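What follows is a short report on a single structure.
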2 protein chains.
Amino acid sequence: MAELLPPTPAETEVERRVRAWAEVQRARGKRVALVTSGGTQVPLEARAVRFLENFSSGRRGAASAERLVQAGYGVCFLHRARSVFPWARALPPYGSSLLDALRVEAGPAPRVTADVDAFPGLVPALQAYRRAKDEDALLPVEFSGLGEYLGLLRAAARALSPLGSSAMFYLAAAVSDFYIPASEMPEHKIQSVDGPLQITMKMVPKMLSPLVKEWAPEAFVISFKLETNPSILVDKARQALEKYRHQVVVANVLDSRRTSVMVVTRDSEMQLSLSDEELTQGVEIEEKIVSHLESRHTAFMEKQPLIRKKVI
Amino acid sequence: MAELLPPTPAETEVERRVRAWAEVQRARGKRVALVTSGGTQVPLEARAVRFLENFSSGRRGAASAERLVQAGYGVCFLHRARSVFPWARALPPYGSSLLDALRVEAGPAPRVTADVDAFPGLVPALQAYRRAKDEDALLPVEFSGLGEYLGLLRAAARALSPLGSSAMFYLAAAVSDFYIPASEMPEHKIQSVDGPLQITMKMVPKMLSPLVKEWAPEAFVISFKLETNPSILVDKARQALEKYRHQVVVANVLDSRRTSVMVVTRDSEMQLSLSDEELTQGVEIEEKIVSHLESRHTAFMEKQPLIRKKVI
């Protein structure tokens with residue numbers, strides 16, 4: 001379901017949780033970022049066996065969340081279940097690699113240890129995670145389906161609205177553009193003997209509109225745009241800024257998304273890229289994105305009272 | 001792509017690897033099972049951002065692979081990347097739970113240890129995995145896309161064909177029934193401004209036909225059937241047995257798949273279920289499925305020379 005329904009009890013509970021957590025962050029003088037990450041799932045059947053998925057490992061969202069915490073933000077991490085998780089990226093991939101990295105030390109009280117030599121990034125990652133946890137700087141919230149994502153985004157946005165311009169929305173999740181309305185969905189698994197499959201999907205209403213206009217009108221809002229065709233990229237970013245009146249679009253092309261992005265605002269566009277040297281050193285593009293957006297956020301906050309006065 | 005193309009170099013390499021491994025299993029007097037597990041992914045665009053996915057965590061395949069190794073089989077585990085993996089199920093879920101279970105013991109040579117008290121199944125699982133690995137009893141092979149799955153299934157089936165009736169095919173993967181032929185696929189990301197999305201998908205040719213007729217004609221072949229509508233379940237299983245001439249269909253309904261299945265053959269049907277007591281004790285239905293199929297496989301092997309004589 002992609003229509004925005006009245007909040008479920010679970011969403012109301014998340015809103016309460018995020019609001020209380022944000023209050024603590026504000027009391028500590030911290031800015032807050034809501035990072036959305038991973039792809040949404042759209043069922044094709046009511047008792048669903050098949051789903052439409054948007055491609056996204058969640059790597060960008062997870063890497064950005066790490067950087068934002070490091071930059072002093074409290075981060076609410078609204079992510080697809082089992083997508084890449086901040087600092088867990090330092091672990092070997094789930095499956096045989098993960099099992100191979102763990103050893104049982106036999107004895108009356110057997111211990112399980114991880115092979116830290118094979119994964120040198122693991123110790124610093126676990127320490128950074130522990131620090132973030134002790135400081136309450138990371139609040140993870142999970143979603144799977146599109147409807148769940150939309151409801152939780154609304155809940156979190158409303159909860160962060162009292163923070164005004166010190167809240168950043170970093171909308172890196174890959175949200176489906178299409179869905180099948182519940183009323184048009186077959187009840188049971190689509191039978192393959194019925195011949196070729198015809199699917200008609202409706203467009204998902206863009207949540208940027210109510211987010212910017214109603215839920216958190218003073219916040220600093222960044223959306224992400226992924227295209228495969230580089231020639232339409234900046235135009236699409238500008239169209240989005242015109243339409244939704246938010247602050248920044250980070251635009252990127254599928255093939256080069258890990259090494260280069262365009263940061264587009266209404267009156268500027270800036271390319272951020274990794275040099276060959278930085279690539280060899282293992283620098284991540286998210287380091288540049290977050291550092292750039294942090295200063296833009298600062299400038300936005302400083303201008304904000306002025307703008308509001310003007311409006312009044 | 002879902003048409004079966006000539007083998008790629010990667011598939012030829014997998015065929016070689018499985019053949020060599022199967023030779024070792026046979027020399028040790030072991031039966032071999034090919035377990036397929038997890039769902040396949042079907043791209044909707046040539047440079048794909050969107051995919052059609054079949055629901056499957058891979059839990060059934062992974063649990064069955066563990067049981068089959070325990071029963072003395074060598075298991076080739078053809079699974080969806082990042083789906084549930086044998087014995088890795090004992091670990092906490094990926095994300096904050098997994099990070100929370102790991103502790104850094106500081107010091108000049110810092111160590112990472114896992115909280116074995118919180119996850120009592122972890123030590124025996126790691127030990128069982130290690131044993132399987134030392135005995136070369138588990139050969140994992142990964143896929144993601146439908147085309148990759150089909151190619152690797154063919155490669156593995158050909159590699160196991162020399163084992164004759166001592167090879168079991170345990171086809172638990174959730175394979176897409178539909179795909180978009182490459183020639184009809186849009187090159188770039190489908191634009192949402194173009195209005196509602198119309199998708200027409202073709203039926204995937206069933207691989208059970210060539211598997212049973214050509215690739216491994218003497219093997220013991222089990223397919224799985226998942227439906228949401230219980231009233232058509234056994235009929236659909238019988239139709240499949242009639243059509244593909246393989247040995248067993250394990251039929252199950254989405255809602256009750258973890259507690260009850262029907263094992264259907266051409267001349268019998270048998271329900272396997274967990275009692276409330278077994279459920280409380282944490283018994284898994286895969287224990288019953290594997291134990292039942294193991295005896296059927298024995299009976300099949302014993303009858304085989306007779307059948308072949310008759311045919312000759």
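For the range B:63-196, the equivalent ellipsoid derived from the Cα gyration tensor has semi-axes of 35, 27, 12 Å, listed largest first.
Rounded to whole Å, give me the distance from the Cα center of the range A:121-176 to that of the range B:164-195. Comparing the Cα centres of the range A:121-176 and the range B:164-195, I get a distance of 33 Å. Its Cα gyration tensor gives the protein assembly as shown an equivalent ellipsoid, and the semi-axes of that ellipsoid, as √(5λ) in whole Å with the largest first, are 46, 29, 22. Along the range A:93-105 the Karplus relation, 6.51 cos²θ - 1.76 cosθ + 1.60 evaluated at θ = phi - 60°, assigns HN-Hα couplings of x, 4, x, 5, 4, 5, 4, 5, 7, 10, 10, 8, 9 Hz to successive residues, with x for each Gly and Pro. Of the trypsin sites (Lys or Arg not before Pro) in the range B:230-312, the ones in a loop by DSSP (not H, G, I, E or B) with at most 13 other beta carbons within 10 Å are B:266. Computed over all pairs of different Cα atoms, the Kirkwood value for the hydrodynamic radius of the range B:233-272 is 10.2 Å. What is the distance, in nm, between label points placed 7 Å from the Cα along the Cα-to-Cβ direction at residue A:206 and at residue B:267? In this crude spin-label approximation the distance works out to 6.6 nm.
Relative contact order of chain B, taken over Cα pairs closer than 8 Å and 6 or more residues apart, is 20 percent. Annotation for residue B:6, label-to-label distances across the other copies: 6.5 nm (shortest first, one decimal, point 7 Å from Cα along Cα→Cβ).
Note on residue A:57 and residue A:119: with the Förster distance fixed at 22 Å, the Cβ-Cβ geometry gives a FRET efficiency of about 0.75. Proximity of backbone amide H atoms, modeled 1.01 Å from N, is registered between residue A:178 and A:204 at under 5 Å, excluding neighbours fewer than 5 places apart on the same chain.
Scanning residues 5 or more positions from residue B:224 or on other chains, those with amide H under 5 Å from its amide H are B:171, B:250, with H placed 1.01 Å from N in the peptide plane.
Placing a label point 7 Å from Cα along the Cα-to-Cβ direction at residue B:20 gives distances to the equivalent points in the other copies of 5.8 nm, listed shortest first. Taken about its Cα centre, the protein assembly as shown carries a charge dipole of roughly 160 debye when the Cβ of each Lys and Arg holds +1 and the Cβ of each Asp and Glu holds -1.
If you take all other residues with their beta carbon under 14 Å from the beta carbon of residue A:110, and give Lys and Arg +1 and Asp and Glu -1, the sum is 0. Convex hull volume of the Cα atoms of chain B, normalised per residue: 192 Å³.
Hand me the trypsin sites (Lys or Arg not before Pro) from the range B:75-174 located in a DSSP loop with no more than 16 other Cβ atoms within 10 Å, in residue order please. Here the sparse-neighbourhood loop sites are B:82. Spatial offset of the range B:37-80 relative to the range B:242-273 amounts to 19 Å, using the alpha carbon center of each. Bridging of residue B:133 to lysines at a Cα separation below 21 Å is possible for B:30, once same-chain residues fewer than 8 apart are set aside. For the pair residue A:304 and residue B:111, label points projected 7 Å from Cα toward Cβ lie 4.8 nm apart. Count Lys and Arg as plus one, Asp and Glu as minus one, and take only other residues whose Cβ is under 14 Å from that of residue A:295; the net charge is then +2.
Its convex hull of Cα atoms gives the range B:8-115 a direction-averaged projected area, equal to a quarter of the hull surface, of 11.2 nm². Count Lys and Arg as plus one, Asp and Glu as minus one, and take only other residues whose Cβ is under 13 Å from that of residue B:209; the net charge is then +3.
Any read-out appearing in this document is the output of simple, stated calculations on the displayed coordinates, not a laboratory observation. Everything quoted here is computed from the prediction, not taken from an experiment. When we count neighbours, we look across all protein chains shown, and the Cβ atoms used for this are built from the backbone with ideal geometry, even at glycine.
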